[in-house]
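Let me begin by presenting the structure, written as structure tokens, before commenting on it.
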Amino acid sequence: MQHRTQVAIIGAGPAGLLLSQLLHKAGIDCFVVERKSQAYVESRIRAGVLEQGTVELLDRAGVSERLHREGLPHHGVQMALDGELFRIDLHGLTGGKSVTVYGQTEVTHDLILAHQSRGANLVFEADEVALHDLTTDRPHVTFTREGVAHRLDCDYVAGCDGYHGPSRASIPADVLRVFERVYPFGWLGILADVPPCDDELIYSNHHRGFALASMRSPTRSRYYVQVPLTERLEDWPDERLWDELALRLGPEAASRMTRGPAIEKSIAPLRSFVAEPMRHGRLFLAGDAAHIVPPTGAKGLNLAAADVGLLAEALISRFLDRSEAALDGYSARALARVWMAERFSWWFTSLTHRFPEMDDFARRMQVAELSYIRASRAAQAVVAENYVGLPTALTTRLAGRGEATPLPAPPRAVA
Ligand code: RFL
Ligand code: PHB
């Protein structure tokens, strides 16, 4: 079966769906191809914190009505050092910015609903998705569905298919450069229908390891503890997990913590990863397809949205104004923001987690740095400015600084 569209979008995660919705608003035709079922995509529990810029993009896409009704605005976050809490006043330290707690599952649900109510081309359960002729002016995508072969001709391909998708893998190895850090631990997460222990999120550095108290609504909580990668879910019955959370979050938070049965429990590994460039011919990567951050800074979904905001703008300028300048600048502009978020997520992870190789000196450094943040408004402002999302003007100024700059070769051994 043959199809024709202006932009073929691989992946119906938040990046692919938001891009399709923004382009549709501008009158550009898209076709979204997703490997998993709709039920699977809608139930994948992931992010919970949206930056203001992400909310603004969802406004622009016309899918934020429920988000404004049910999302929880947060003007601050709590941090803890060995159980003692202190607050970062996001609103006061950033000239009035805040974040919104609204689950990725809800964002995805709202976007899928918007697609289906307008009869958009959105295909789930597509197998053998493959990208072809990306460096020609006739790229196309092939897939099979229920045994039927499909061919989708297009002007451009948006690779929004996450870390494991085929888009990034379609870029030749000698063109792509990847940067990576794998952390020696993961996050064990629990979702439960109990009220949160605090009105705000709590990021806790404890000598037993990192813990995070988060939420989805006033009646639904999301908690995480850092665990070794060797850990198995079977070793963490609910009671053991609640006990560990109580220890790591400290007595004040523990006294307000309500325990309850897990609706969902999973272990996610932590990784920092960037692929450069984010364009190859007529293929443009966006979101987790191009970069991964450890979840500590709550940046993954927000970065995906920021990429999509830039890519939508560039494609609109290509189709409506016939200008390719913004498409040519997309990779450098997106990567400038990506590297800033990578830095913050890596730093915040290093500050709050217990590393296996950490000696007493390294632990003292963490304690000193957290004590400094606790005592200094200037240090808190650095955390707050990054947490709410850096202004586009700042990351735009950095565009092109990193990408394509050859890193110096390591010195040659002297014979
Ligand atoms: P996704 O969500 O992975 O979606 C990619 C889609 O592509 C599909 N796909 C394919 N489709 C067709 N053919 C193929 N061959 C395909 N292969 C894959 C997949 O099925 C999927 O539907 O990527 P996207 O859209 O770029 O979105 C990225 C975000 O999902 C991710 O960055 C965040 O969830 C990260 N993240 C967080 N981000 C935040 O901004 N704030 C947070 O608070 C936050 N918390 C988190 C997180 C991620 C976590 N985990 C599990 C990794 C907490 C956790 C625990
Ligand atoms: C979440 O609620 O799932 C969450 C919140 C903040 C993070 C990561 C995950 O930094």
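The values are calculated or read from the model by the stated rules, or taken from the named source; none is laboratory data. Everything quoted here is computed from the prediction, not taken from an experiment. Positions of Cβ are backbone-derived with ideal geometry, glycine not excepted, and every protein chain shown enters the neighbour counts. Please note that ligands, DNA and RNA were not included when accessible areas were found on the heavy atoms of the full protein model with its side chains. Shrake-Rupley method; radii C 1.70, N 1.55, O 1.52, S 1.80 Å.
Data for the structure
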{"item": "Cα-based reach from LYS36 at 18 Å (exclusive), listing aspartates and glutamates while leaving out same-chain residues under 8 positions away", "result": "GLU106, ASP110, GLU125, ASP127, GLU128, GLU146, ASP161, ASP288"}
{"item": "Rg/Rg_globular for the stretch 175-309, with Rg_globular taken as 2.2 N^0.38 Å and Rg from C-alpha atoms", "result": "1.22"}
{"item": "About the Cα centre, charge dipole magnitude for the chain (Lys/Arg +1, Asp/Glu -1 at Cβ), debye", "result": "580"}
{"item": "Within the stretch 319-361, backbone nitrogen closer than 15 Å to the virtual label 7 Å beyond the Cα of ARG177 toward Cβ", "result": "331-333, 335-336, 339"}
{"item": "Extension gain from HIS3 to THR142, taking 0.36 nm per residue of separation minus the Cα-Cα distance", "result": "49.0 nm"}
{"item": "Share of alpha-carbon pairs per 5 Å distance bin for the stretch 64-174, given as whole %", "result": "2, 8, 12, 13, 13, 11, 9, 10, 9, 7, 4, 1"}
{"item": "Cα coordinate range in the chain, projected on the principal axes (Å, largest first)", "result": "63, 62, 44"}
{"item": "Residue-averaged 222 nm ellipticity for the chain, from DSSP H runs of 4+ at -39500 (n - 2.57), nearest 500", "result": "-11500 deg cm²/dmol"}
{"item": "Selection from GLN2, LEU58, HIS68 lying farthest towards where the dipole of the stretch 1-75 points positive, charges on Cβ", "result": "GLN2"}
{"item": "With at most 10 neighbouring Cβ atoms within 10 Å, loop trypsin sites (Lys or Arg not before Pro) (DSSP) excluded, longest segment of the chain", "result": "1-117"}
{"item": "Proximal lysines to LYS97, defined as alpha-carbon separation beneath 22 angstrom and excluding residues fewer than eight positions away on the same chain", "result": "LYS299"}
{"item": "Separation between Cα centres of the stretch 153-231 and the stretch 345-386, rounded to whole Å", "result": "20"}
{"item": "With DNA, RNA and ligands ignored, accessible area of MET257 (1.4 Å probe; Å², nearest 10)", "result": "30"}
{"item": "Evaluated over the stretch 306-386, the Cα radius of gyration and Dmax, each in Å", "result": "19.5, 60"}
{"item": "The stretch 335-383: GluC sites (Glu not before Pro) in DSSP coil with no more than 12 other Cβ atoms inside 10 Å", "result": "GLU357"}
{"item": "DSSP H segments from the chain that extend 30 Å or more along their own axis, Cα-based, with Kyte-Doolittle mean of 0.5 or above", "result": "300-321"}
{"item": "At R0 = 41 Å, FRET efficiency that the Cβ-Cβ distance of SER37 and SER323 yields, to 0.05", "result": "0.60"}
{"item": "Carbon/sulfur fraction of accessible area - the chain, other protein chains in place, 1.4 Å, %", "result": "53"}
{"item": "Lys, Arg +1 and Asp, Glu -1 on Cβ, resulting dipole of the stretch 224-288 about Cα centre, debye, nearest 20", "result": "360"}
{"item": "Cα centre as origin, Lys/Arg/Asp/Glu Cβ charges: the stretch 341-396 dipole, Debye", "result": "200"}
{"item": "Label-point separation, ILE263 to HIS207 (7 Å along Cα→Cβ), nm", "result": "3.7"}
{"item": "Per-pair calculated FRET efficiency, R0 = 25 Å: ASP89 and ARG364 via Cβ, rounded to 0.05", "result": "0.40"}
{"item": "Accessible area, probe 1.4 Å, largest first, for residues ASP307, ASP29, ASP238", "result": "ASP29, ASP238, ASP307"}
{"item": "Relative contact order (%) - the chain, alpha-carbon pairs under 8 angstrom, separation at least six", "result": "19"}
{"item": "Among beta bridges that DSSP assigns inside the chain, antiparallel share in %, nearest 5", "result": "75"}
{"item": "Per residue value of the accessible surface for the chain (all protein chains in place, 1.4 Å probe), Å²", "result": "44"}
